[in-house]
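Reading through the structure tokens given below for one structure.
Nothing in this text is a laboratory measurement; each read-out follows from the coordinates by a stated rule. These figures come from a predicted structure and were not determined experimentally. Backbone-built Cβ (ideal geometry, glycine too); neighbour counts: all protein chains shown.
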Amino acid sequence: MPSNSKSKSPANDLAALLPQRLSETLLRERTIPRFVDSYVVEHGRHSLQVHAVLYRDLLNLLQREALLTVTAYALEIVTRGQHTEDDRKAKPMTRQEASAFRQKFLSGLTRHQRWNVSDALDFQSDLKMYEDLIARAASSRRPRKPFEAANHPFVDRCGFVLDSSFLEKARLAASRTLKDLETLSEQIVENTRKEASPSKPQPPRWRSTR
């Protein structure tokens, strides 16, 4: 039946699998704890880790910013197309396809994170803000000077949350972590695409009769 065929299409499978893979990998790789710990050691800001409850709250806030970042980047990769490992460019989705993919992706993310309606709407609102700021920065992109922080909402928000007293140092550290998050997002999308796509049948090998 057409409905079954549609539900099992690679794009739909990717929309269902990708939220879980992004969330799980982000936690497993410990990108945010490593970011904070390395910043503390590099700049001697041990006071950030003195109070266990405040430190846990800090990690939770930064983890949410990281999830926003990988979500925004993954959606951009999938809906706009990206070069794959064999150097073929994936076809961008139509507006209707992108909207449907986004809706299913966000529904899957809400279920995986066990958010209530308010939490889900808050995340989607922040995600839209992320995407708008990223698009605005891309439209006025200029070469970044050495040791200059990236113009990205993750960098600004994490820098302020992490260490507002040493904002520029915190923003530079967040810029390095941003690169790690974008690389991680690319890898997750590529691996999940392979997982979602059915393996291509191999052509039959004919034996020569001569």
Fill in: Counted charge near Trp115, where neighbours are those whose Cβ lies closer than 14 Å (Asp, Glu -1; Lys, Arg +1)
0
Worksheet item: If one computes the Cα centroid of region 8-72 and of region 160-201, what distance in Å separates the two points?
Response: 9 Å
Practice prompt. With label points built 7 Å along Cα→Cβ from the Cα atoms of Ala135 and Val161, find their separation and express it in nm.
Written response: 2.3 nm
Worksheet item: Among 111-123, 14-26, how do they line up from the highest to the lowest mean number of other beta-carbon atoms within 10 Å?
Response: 14-26, 111-123
Worksheet entry | Karplus-derived 3J(HN,Hα), 6.51/-1.76/1.60, for each residue of region 148-162, Hz, glycine and proline x | 9, 6, 5, 8, 8, x, 4, 5, 5, 5, 5, x, 5, 5, 5
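To make sure I understand, if each residue's beta carbon is the centre and we count other beta carbons within 10 Å, what order do Val36, Val189 fall in, fewest to most?
Ordered from fewest to most neighbouring Cβ atoms within 10 Å, Val36, Val189 come out as Val36, Val189.
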Worksheet item: Between Lys179 and Leu59, how many nm apart are label points set 7 Å from Cα along the C-beta direction?
Response: 2.5 nm
Response to the item:
Filtered hits (aspartates and glutamates, Cα-Cα < 16 Å from Lys104, offset >= 8 within chain) -> Asp13, Glu76
Worksheet, complete the sentence: Taking a straight Cα-to-Cα line shorter than 17 Å from Lys169, and setting aside same-chain aspartates and glutamates fewer than 8 residues away, one finds Asp37, Glu42, Glu148, Asp156
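Quick one: dipole size for region 24-85, taken about the Cα centre, charges +1 on Lys/Arg Cβ and -1 on Asp/Glu Cβ, in debye to the nearest 20.
Dipole size: approximately 140 debye.
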Worksheet item: Computed FRET efficiency, Cβ-Cβ of Arg111 and Glu42, R0 45 Å: what is it to the nearest 0.05?
Response: 0.75
Worksheet item: Once you charge only the Cβ atoms, +1 for Lys and Arg and -1 for Asp and Glu, what is the size of the charge dipole of region 91-193 about its Cα centre, to the nearest 20 debye?
Response: 300 debye
